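*Asks:* There's a structure below that I have some questions on.
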Amino acid sequence: MKLVLFIILLIPFFSVYGQNLKPGGVQGATVWEVTEYKLSGQAQWKCQLESNPDSALLVKGSIKTINNNPALFFNKGQTGMNSTLNLGKLASFSLFTVCQEKDTISERVIFSLENNTAAEMVLTDRRMAALDVYRYANFNSNIDLYPKIYSYTQNKSKDTDAVSRRLLFGRYPGNQHLPVSAYNGIVPEVILFNRFISPIERQKVESYLALKYGISLNQAIPVSYLNSKGEVIWDSEMNAGFNQNIAGIGRDDMSGLNQRISESTQTPGLMKIGIRRNMKNNSFLVWGDNGKAVNFGEEAGIRKLQRDWKVSTFNYEGDSIYFETNELSLSEIDPLNVGDIYWMMIDKTGTGKYPFRQTRFIPCLPLSSSPGFIRFSSLILDTDISGNDVLTLLAAPSFFARCTIQSPSCTSTESGAILTEIAGGEPPFMLSLKGITNKSFQISTMEKERDHFFDDISQGSYFLQVTDAANKTYTQEIWVSNMHLWESNLIQRYKLAEGETLNLNAADGMPAVSYYYKWETPDGSVIHNEEISISQPGNYLLSVTDDKNCNSTLAIKIEQIGKTLFKKVELFPNPVNGWFIVRMSLERRADVKVIISDLSGIILKETLLQNDQYYLYNDIIPKPGIYFITLVSGNEKETLRLIVQ
């Protein structure tokens with residue numbers, strides 16, 4: 001006898017009724033129940049198999065959704081399914097389901113497979129138990145409330161038991177004494193094959209469920225997504241750098257899939273993509289992200305979200321799509337400066353490097369029309385039919401220029417370039433580039449296009465001004481460094497708390513070679529040393545010279561901030577009936593301890609958040625009452641009052 005267990009644990013219907021639907025295009029399903037809406041708050045599991053009688057069970061009560069698909073709510077045994085399937089002999093079978101728990105208070109039974117006298121197999125939200133052969137698999141070390149795909153495959157040599165079997169969903173298994181509770185959560189779909197399916201077939205079924213419900217397949221060992229024909233629609237190896245929070249839209253008539261709006265259920269609200277027109281059969285648009293922070297850092301003179309998404313198309317015809325991001329899903333609070341808007345930046349090469357003349361800039365819809373949401377409408381992706389785009393968000397003025405630097409070399413001091421791309425405004429544009437270090441350098445040009453190449457650039461500081469046809473003006477100061485073969489651990493910007501001192505060592509992380517270091521302070525003073533103690537804000541210049549007398553000068557900006565560490569803190573929703581989120585913006589990177597206590601002062605939970613400037617902390621308190629969320633960092637403390645209904 002052989003038992004094989006596959007469990008996809010991932011942090012997070014339009015039914016197309018045609019001839020002979022197959023989940024994932026896989027033959028031989030004996031049970032395939034999908035939730036459909038009913039009137040008056042009712043839901044029903046609808047059988048998708050023409051060859052089987054409809055075993056759907058009408059369930060009264062609230063209806064939930066997973067990724068815009070309806071799902072049955074099983075309420076701690078009050079709602080459940082006891083379906084006599086009369087499966088008879090069952091030497092081999094493969095079972096798939098999607099579940100999302102409502103709470104994590106205790107271990108709960110999702111379903112059990114039972115014979116006439118006892119449960120043979122039990123799936124809980126934390127383990128799978130094959131009770132008839134005394135085999136167990138614990139699989140959930142991090143209990144969370146994201147939707148998951150569970151798959152179980154059994155392959156016995158024979159089954160001599162001539163018994164009737166049934167699936168028991170959402171209820172405690174019969175004739176068993178297990179330390180578990182009845183299920184409290186939602187189940188949108190269940191699929192059972194009366195045979196042991198192959199690994200490729202399993203991958204097709206899981207791909208179908210993952211796309212439909214916005215659940216990432218486990219990428220610990222990279223797994224590609226397949227359509228019902230077995231074709232690769234998301235290549236895990238080609239997209240290895242964007243293997244987190246995978247989701248997609250697509251249509252696959254063989255599976256009855258017509259997903260026209262989708263998001264990753266692990267990062268709800270962060271990147272939702274939809275299409276208004278019907279997609280053609282066997283067409284897909286799938287995306288994943290690089291897992292970086294969802295706050296903004298300065299790159300090439302603009303503020304760019306650190307997280308990037310790669311979008312991959314399959315048999316896609318370039319229909320216009322729309323994007324939506326909930327601002328609450330960003331870690332950074334109030335990221336827009338006065339006059340700024342959100343932009344989408346798209347890399348047509350699909351590399352994530354956003355190269356010159358291969359990058360598009362799309363402004364968001366007016367924020368006043370959708371408060372709290374960043375929306376982009378009627379946007380065409382994959383304009384070069386390459387099959388891949390990479391995109392991210394910017395926080396920038398409605399008219400700006402992005403400048404990319406090509407560094408000059410020490411042997412050819414004027415071999416550098418400033419590559420300028422213009423977003424917003426009305427052409428033609430007047431561009432003026434003036435040297436600050438070299439005051440004799442000055443270029444002015446009229447440009448009808450949205451990009452310009454400034455050449456003959458040497459190391460130093462420059463001032464760029466761009467004016468459009470409506471006389472809007474954008475200015476930027478640019479520093480150009482000579483090319484070098486080393487990378488310092490120092491960054492371009494630091495924050496200096498009032499009354500404190502910042503110590504920087506330019507030699508940290510540098511190669512074990514003799515370098516000459518020189519610092520120039522904002523007041524013109526020169527320090528011939530690798531180390532510097534900074535107590536005043538301003539622009540500092542670090543000059544590094546190697547043994548071949550090649551010099552590269554880096555510009556480092558020191559910004560003054562107040563003594564208070566907590567810049568802004570938000571708690572939402574409040575009151576709450578379930579999950580709550582605490583969002584924090586700090587003046588600088590610091591550890592924060594989150595302490596949850598009740599009215600009597602009893603501490604219920606402590607969590608340490610480490611080494612970041614922006615935090616998104618989410619948790620759940622199941623018992624109604626009034627609680628305090630205390631945030632502690634160093635000697636500073638912030639206390640929030642939370643009402644749980």
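*Asks:* Among the strands (runs of 3 or more DSSP E) contained in the stretch 336-405, which hold 2 or more residues that are of a type outside the set (Val, Ile, Thr), assigned by TED's automatic domain parsing to the domain that holds Asp235 and modelled with pLDDT under 95?
*Replies:* 373-379
*Asks:* Further, regarding this structure: Considering each residue of the stretch 587-627, count those that are out of contact with any Gly (no Cβ under 8 Å at 6 or more places or on another chain), crowded, with 16+ Cβ neighbours inside 10 Å and of a type in the set (A, V, I, L, M, F, W, C), and give that number.
*Replies:* Within the stretch 587-627, residues that are out of contact with any Gly (no Cβ under 8 Å at 6 or more places or on another chain), crowded, with 16+ Cβ neighbours inside 10 Å and of a type in the set (A, V, I, L, M, F, W, C) number 7.
*Asks:* Give the residues of the stretch 415-444 that are among the acidic types (Asp, Glu) and either crowded, with 19+ Cβ neighbours inside 10 Å or assigned by TED's automatic domain parsing to the domain that holds Glu520 (or both), sorted by residue number.
*Replies:* Glu421
*Asks:* Please specify each residue of the stretch 511-533 satisfying the condition of being closer than 17 Å to Ala555 by Cα and among the hydrophobic types (A, V, I, L, M, F, W, C).
*Replies:* Trp519, Val526, Ile527, Ile532
*Asks:* Could you give me the residue pairs with C-beta distances under 6 Å whose first residue belongs to the stretch 281-292 and is at pLDDT below 95, whose second residue is aliphatic (A, V, I, L, M) and surrounded by 17 or more Cβ atoms within 10 Å (Cβ to Cβ) wherever it lies, and which are 6+ apart or on separate chains?
*Replies:* Close Cβ pairs satisfying both conditions: none exist.
*Asks:* Hey, among the residues in the stretch 541-579 that are part of a strand (DSSP E or B) and among the small types (Gly, Ala, Ser), which one's farthest from the chain's Cα centre (by Cα)?
*Replies:* Out of the qualifying residues, it is Ser543.
*Asks:* When you scan the stretch 93-139 for strands (runs of 3 or more DSSP E) that lie fully inside it, which ones turn up with 1 or more residues that are acidic (Asp, Glu)?
*Replies:* Hits in the stretch 93-139: 108-114, 119-124.
*Asks:* Still on this structure, please answer the following. Examine the stretch 474-485 for a residue that is part of a loop (DSSP other than H, G, I, E, B), touching a Phe, Trp or Tyr at 6+ places or on another chain (Cβ under 9 Å) and not β-branched (Val, Ile, Thr), and state whether such a residue exists.
*Replies:* no
*Asks:* Still on this structure, please answer the following. Quick one: Gly214 ticks every box in (1) at pLDDT below 95; (2) buried (at least 17 other Cβ atoms within 10 Å of the Cβ); (3) within 24 Å of Gln306 (Cβ to Cβ); (4) not aliphatic (A, V, I, L, M) except a single one, so which number is it?
*Replies:* Of the numbered conditions (1) at pLDDT below 95; (2) buried (at least 17 other Cβ atoms within 10 Å of the Cβ); (3) within 24 Å of Gln306 (Cβ to Cβ); (4) not aliphatic (A, V, I, L, M), the odd one out for Gly214 is (1).
*Asks:* Something else about it: Checking Glu447 against (1) among the acidic types (Asp, Glu); (2) surrounded by 13 or more Cβ atoms within 10 Å (Cβ to Cβ); (3) touching a Gly at 6+ places or on another chain (Cβ under 7 Å), which test does it fail?
*Replies:* (3) is the only condition that Glu447 fails.
The values are calculated or read from the model by the stated rules, or taken from the named source; none is laboratory data. Just so you know, these numbers come straight off a predicted model, no measurement behind them. So basically every Cβ, Gly included, is an ideal-geometry build from the backbone, and we count neighbours across all protein chains shown.
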